[in-house]
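What follows is a set of notes on a single structure, which appears directly below.
The values are calculated or read from the model by the stated rules, or taken from the named source; none is laboratory data. As the structure is a prediction and not an experimental result, all values here were calculated from the model. Please note: Cβ atoms are built from the backbone with ideal geometry, for glycine as well, and neighbour counts cover all protein chains shown.
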Amino acid sequence: MKLVTFEMDGRMGSGALHPDGGIVDLTDLGGVLELLTNAEARMAAERRLADPAGKRLTQGLRLRAPLTPRAFICIGLNYMDHVKESNARVPARPVVVSPSAQTRWPARTTSSPGMRMSPSRWTGRPSWAW
């Protein structure tokens, strides 16, 4: 089952792509995260998707990101230049950092002093350009 989030007539909804085309509206069963984590909702969605007489949305839809991120998580000291700049040792495991709620994007630092985030992943620009 291929789950989607869509916008139609100014409202957001969740659904599944039907093999014959169109989207089966599953909004009343929950959002995509609910459909992924709740077995009962997922089974109801599968039954609705298998129903040959089920209504399929085909026009006036705009696909959106299937999931809305709950948090931004970054990896610090992820290449040797970061390690050298901070005079740190090479970590045995990835250093996971999360910006504080007050961080504004584009961010230069995380809530951990001395660690810089690299927004180049999202923008295509080198992080030093910020």
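Among what's in the stretch 6-34 and is of a type in the set (V, I, T) and surrounded by 18 or more Cβ atoms within 10 Å (Cβ to Cβ), pick the residue that is nearest to L67 (Cα to Cα).
Out of the qualifying residues, it is V32.
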Flagged in the stretch 1-31 as within 14 Å of L61 (Cα to Cα), in contact (Cβ under 8 Å) with a residue 24 or more places away in the chain and not in a loop (DSSP other than H, G, I, E, B), in numbering order, are V4, T5, F6, E7, M8, M12, G15, A16, I23, V24, D25
For A71, only one of the following conditions fails: (1) at pLDDT 90 or above; (2) touching a Ser or Thr at 6+ places or on another chain (Cβ under 8 Å). What is its number?
(1)
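So that you can scan it fast, the table gives a plain yes or no per residue for (1) under 20 Å from the mean Cα position of the chain (by Cα); (2) among the basic types (K, R):
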residue: A41; (1), (2): no, no
residue: A44; (1), (2): no, no
residue: R56; (1), (2): no, yes
residue: P69; (1), (2): yes, no
residue: C74; (1), (2): yes, no
residue: Y79; (1), (2): no, no
residue: R89; (1), (2): no, yes
residue: V95; (1), (2): no, no
